[in-house]
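K.L.:
Take this structure, written in structure tokens, and hold onto it; I'll ask about it next.
The values are calculated or read from the model by the stated rules, or taken from the named source; none is laboratory data. Not measured: the values here are computed from a predicted model. FYI the Cβ positions are ideal-geometry reconstructions off the backbone, even for glycines, and counts take in every protein chain you see.
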Amino acid sequence: MTQNDLIMLVRATLSTLYLAAGTIPCATALAALLVLLAISRHRALRWTYAGLRWLVRGTPLALLALLIYYALAGNGIAVPPVVAGILVLAIYFSILFAEVIRGALLAIPRTATDSALSLGLPRMATLTRVILPMLLRQGLPAYINVCVMAIKGSSVLSIIGVWELTYASREIIERNLEVFQVLSVAAVLYFLICFGADRCGRWAEARLARRGYQTQR
Amino acid sequence: MADFALVLSFADAFRTTVIIGACAAIFSMLWGTTLFAITLAPQRIFSLVVGAYVQVFRNIPVLVPLYLVYFGFPMIGLVWPAAVCGILALVLQQGAYVSEILRSAAKAIDRSQQDAARSIGLSPWAVFRHVYLPQIAVYALPALGNQSVLLVKDTSLLSAIAVVEVMMKARLVVEGSGTVYLPFVIATALYLVFVLAIDIVFALLGRRVRWK
């Protein structure tokens, strides 16, 4: 493996990080909207959410990636592969993030809202100062878990031609046939990102715990 | 009627997906249980090694071991069919998750049970087989069911190493015929059927172990 190959792999890693950095905020924002469906007063909206959840649970990410790839191409919509990739990941992982948020919401007793309101706290303050901190402490471990899944999921985008770490590895392997060296480096790079994300999550939990928001594992 | 013929043409691919998924699920349970059993050894070194294995496989995408086996094994003289390579890679990764699930289920079992079982003369193997596993199964089954669903979805990645399973088939049909949506609808439906079957199997298993 030449030095150029190594540089290429590091650049591909940045591309993977770029995908993750684009996906996670988009997916989280989408998830917040989806949660509104999940906790809606209307049965039809709740069922829509349940249907989406069921669909995503049974559909491989790769299949969704291909579908969106062909749908965009078939309708003559030319977007850069990176944008298509982020779109795929954001759609797929938004429902997983929504499940995390919903699970955390369910763990917050209704009385928390009621007591905050009865103490005269405005609705907005109840949300931002009572519900959100509790949501954070409940949901953070699972949230980080889904983030790591999203980073690993970005590798699937290589099959629709998004240039990231897995794609670049395969490119180099097909050129120089040094399978073990190239994939070991790729594995180490993936490990560093995912393990790093996991550690950051633990660190954030520890910080929250110090401020009194103990995470329950 | 052409649509119906299209659905039928997925039969072979679906069979491939089912065989790969079932094999990978069964072998990964065995491999995961083996890994978990190793961590129960009194020497700390064993659980450290398994712990490292689990951390590595949890933090790399399954495509990496997949390419490692598929492109790497021929270089050391092992020329296996692509589907076998795929199953091996899936099992290596899935085993790590299974052993983690079993480990967290085992936490719920009081240690004193082991001492009690040992003191009435059970061998370490008998303790594992007759005291630990039946109880662990009860706690772990729902999580194992979810993990198996994830495994089935991961079988779609075998299309990257040219195994003609459901997703590869969908791709071939799209590129061959130009109809975009229908092949994907069929493929999605087939995966949903498979996932439903797994949910049913685990629900039945769950009912069986509950009475013990």
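K.L.:
Only one residue in A:100, A:162 is surrounded by 18 or more Cβ atoms within 10 Å (Cβ to Cβ), under 30 Å from residue A:48 (Cα atoms) and within 25 Å of the chain's Cα centre (by Cα). Which one?
P.N.:
On the way: A:162 fails: under 30 Å from residue A:48 (Cα atoms).
Criteria check complete, one pass: A:100.
K.L.:
Also, quick follow-up: Take residue A:142 and tell me if it is at pLDDT below 95 and closer than 23 Å to residue A:200 by Cβ. Reasoning before the result, please.
P.N.:
Numbers: at pLDDT below 95: yes; closer than 23 Å to residue A:200 by Cβ: yes.
Answer is yes for this residue.
K.L.:
Would you confirm, using the coordinates I've provided, whether residue A:184 is assigned to a helix (DSSP H, G or I), without any contact (Cβ under 8 Å) to a residue 24 or more places away in the chain, facing chain B (nearest Cβ under 9 Å) and closer than 14 Å to residue A:9 by Cα?
P.N.:
Values: assigned to a helix (DSSP H, G or I): yes; without any contact (Cβ under 8 Å) to a residue 24 or more places away in the chain: yes; facing chain B (nearest Cβ under 9 Å): yes; closer than 14 Å to residue A:9 by Cα: yes.
Yes, satisfied.
K.L.:
Within segment A:61-73, identify whether any single residue is at pLDDT below 90, part of a helix (DSSP H, G or I) and touching a Phe, Trp or Tyr at 6+ places or on another chain (Cβ under 9 Å), and answer yes or no.
P.N.:
Yes, some residue in segment A:61-73 is at pLDDT below 90, part of a helix (DSSP H, G or I) and touching a Phe, Trp or Tyr at 6+ places or on another chain (Cβ under 9 Å).
K.L.:
Any idea how many residues of segment A:158-181 are closer than 30 Å to residue A:73 by Cβ and more than 9 Å from chain B (Cβ to nearest Cβ)? Talk me through it step by step, then tell me what you get.
P.N.:
Keep residues of segment A:158-181 that are closer than 30 Å to residue A:73 by Cβ, which gives A:158-175.
Subset that is more than 9 Å from chain B (Cβ to nearest Cβ): A:160-164, A:167-168, A:171-172, A:175.
Within segment A:158-181, residues that are closer than 30 Å to residue A:73 by Cβ and more than 9 Å from chain B (Cβ to nearest Cβ) number 10.
K.L.:
Sticking with this structure for a sec: Of the numbered conditions (1) surrounded by fewer than 18 Cβ atoms within 10 Å (Cβ to Cβ); (2) modelled with pLDDT of 90 or more; (3) not hydroxyl-bearing (Ser, Thr, Tyr), residue A:123 satisfies every one except a single condition; which is it?
P.N.:
All conditions are met except number (2).
K.L.:
Turning to a different aspect of this structure: Pick from B:68, B:63, B:78, B:8: which is within 26 Å of residue B:185 (Cα to Cα) and within 14 Å of chain A (Cβ to nearest Cβ)? Can you show your working first?
P.N.:
Values: B:68 fails: within 26 Å of residue B:185 (Cα to Cα); B:78 fails: within 26 Å of residue B:185 (Cα to Cα); B:8 fails: within 14 Å of chain A (Cβ to nearest Cβ).
Among B:68, B:63, B:78, B:8, only B:63 is within 26 Å of residue B:185 (Cα to Cα) and within 14 Å of chain A (Cβ to nearest Cβ).
K.L.:
Go through segment A:28-67 and count every residue that is closer than 18 Å to residue B:188 by Cβ, under 17 Å from the mean Cα position of the chain (by Cα) and surrounded by 19 or more Cβ atoms within 10 Å (Cβ to Cβ). Walk me through it before giving the result.
P.N.:
Step one: filter segment A:28-67 for residues closer than 18 Å to residue B:188 by Cβ, giving A:48, A:50-67.
Narrowing further to those that are under 17 Å from the mean Cα position of the chain (by Cα): A:52-53, A:56-57, A:59-62, A:64-65.
Now restrict to residues that are surrounded by 19 or more Cβ atoms within 10 Å (Cβ to Cβ): A:56, A:59-62, A:64-65.
Adding up the residues that qualify gives 7.
K.L.:
Scan segment A:60-103 for residues that are of a type in the set (A, V, I, L, M, F, W, C) and more than 30 Å from residue B:193 (Cα to Cα) and jot them down. Working first, answer last.
P.N.:
So in segment A:60-103, the residues of a type in the set (A, V, I, L, M, F, W, C) come out as A:61-68, A:71-73, A:77-79, A:82-84, A:86-91, A:93, A:95-98, A:100-101.
Scanning segment A:60-103 gives A:77, A:78, A:79, A:82, A:83.
K.L.:
Can you name every residue in segment B:156-203 that is under 18 Å from the mean Cα position of the chain (by Cα), more than 11 Å from every other protein chain (Cβ to nearest Cβ) and more than 25 Å from residue A:51 (Cβ to Cβ)?
P.N.:
B:163
K.L.:
Now for a different question. Return a yes/no flag: does segment A:194-216 have any residue that is within 11 Å of another protein chain (Cβ to nearest Cβ), within 17 Å of residue A:107 (Cβ to Cβ) and either surrounded by fewer than 14 Cβ atoms within 10 Å (Cβ to Cβ) or out of contact with any Lys or Arg (no Cβ under 9 Å at 6 or more places or on another chain) (or both). Steps first, please.
P.N.:
Applying the first criterion (within 11 Å of another protein chain (Cβ to nearest Cβ)) to segment A:194-216 yields A:194-199.
Now restrict to residues that are within 17 Å of residue A:107 (Cβ to Cβ): none.
No, there is no match, as no residue in segment A:194-216 is within 11 Å of another protein chain (Cβ to nearest Cβ), within 17 Å of residue A:107 (Cβ to Cβ) and either surrounded by fewer than 14 Cβ atoms within 10 Å (Cβ to Cβ) or out of contact with any Lys or Arg (no Cβ under 9 Å at 6 or more places or on another chain) (or both).
K.L.:
What's the total number of residues in segment B:38-60 that are within 8 Å of chain A (Cβ to nearest Cβ) and charged (D, E, K, R)?
P.N.:
Taking segment B:38-60 first, the residues within 8 Å of chain A (Cβ to nearest Cβ) are B:55-56, B:58-60.
Next, from what is left, pick out any that are charged (D, E, K, R): B:58.
So the count comes out to 1.
K.L.:
Still on this structure, please answer the following. Taking the condition touching a Leu at 6+ places or on another chain (Cβ under 7 Å), part of a helix (DSSP H, G or I), touching a residue at least 24 places away in the same chain (Cβ under 8 Å) and of a type in the set (Val, Ile, Thr), does residue A:16 pass? Don't jump to the end; show me each part of the working.
P.N.:
Values: touching a Leu at 6+ places or on another chain (Cβ under 7 Å): yes; part of a helix (DSSP H, G or I): yes; touching a residue at least 24 places away in the same chain (Cβ under 8 Å): yes; of a type in the set (Val, Ile, Thr): yes.
In short, yes.
K.L.:
Within segment A:34-46, track down each residue that is touching a residue at least 12 places away in the same chain (Cβ under 8 Å) and assigned to a helix (DSSP H, G or I).
P.N.:
Hits for segment A:34-46 are A:34, A:35, A:37, A:38.
K.L.:
Please go through segment B:24-37 and give me each residue that is closer than 18 Å to residue B:151 by Cβ and either surrounded by 17 or more Cβ atoms within 10 Å (Cβ to Cβ) or within 14 Å of chain A (Cβ to nearest Cβ) (or both), ordered by number.
P.N.:
Filtering segment B:24-37 down to residues closer than 18 Å to residue B:151 by Cβ leaves B:24-36.
Within segment B:24-37, B:24, B:25, B:27, B:28, B:29, B:31, B:32, B:33, B:35, B:36 meet the criteria.
K.L.:
Quick one: would you say residue A:86 is closer than 25 Å to residue B:146 by Cα, part of a helix (DSSP H, G or I) and touching a residue at least 60 places away in the same chain (Cβ under 8 Å)? Give the steps one after another, and end with the answer.
P.N.:
Details: closer than 25 Å to residue B:146 by Cα: no; part of a helix (DSSP H, G or I): yes; touching a residue at least 60 places away in the same chain (Cβ under 8 Å): yes.
No.
K.L.:
Looking only at segment B:75-88, decide whether some residue is under 30 Å from residue A:168 (Cβ atoms), small (Gly, Ala, Ser) and exposed (fewer than 13 other Cβ atoms within 10 Å of the Cβ). Don't jump to the end; show me each part of the working.
P.N.:
Applying the first criterion (under 30 Å from residue A:168 (Cβ atoms)) to segment B:75-88 yields B:75-88.
With small (Gly, Ala, Ser) added as a condition, the list becomes B:77, B:82-83, B:86.
Among the residues that remain, those that are also exposed (fewer than 13 other Cβ atoms within 10 Å of the Cβ) are: B:77.
Yes, some residue in segment B:75-88 is under 30 Å from residue A:168 (Cβ atoms), small (Gly, Ala, Ser) and exposed (fewer than 13 other Cβ atoms within 10 Å of the Cβ).
K.L.:
Another question, then. So which of B:204, B:122, B:190 ends up being in contact with a His (Cβ under 9 Å, 6 or more places away or on another chain) and either modelled with pLDDT of 90 or more or not in a helix (DSSP H, G or I) (or both)?
P.N.:
Values: B:204 fails: in contact with a His (Cβ under 9 Å, 6 or more places away or on another chain); B:190 fails: in contact with a His (Cβ under 9 Å, 6 or more places away or on another chain).
Going through B:204, B:122, B:190 in turn, the sole match is B:122.
K.L.:
Please pick out the residue among A:143, A:190 that is part of a helix (DSSP H, G or I) and in contact with a Lys or Arg (Cβ under 9 Å, 6 or more places away or on another chain).
P.N.:
Working: A:143 fails: in contact with a Lys or Arg (Cβ under 9 Å, 6 or more places away or on another chain).
Step by step, each of A:143, A:190 is checked, and only A:190 is part of a helix (DSSP H, G or I) and in contact with a Lys or Arg (Cβ under 9 Å, 6 or more places away or on another chain).
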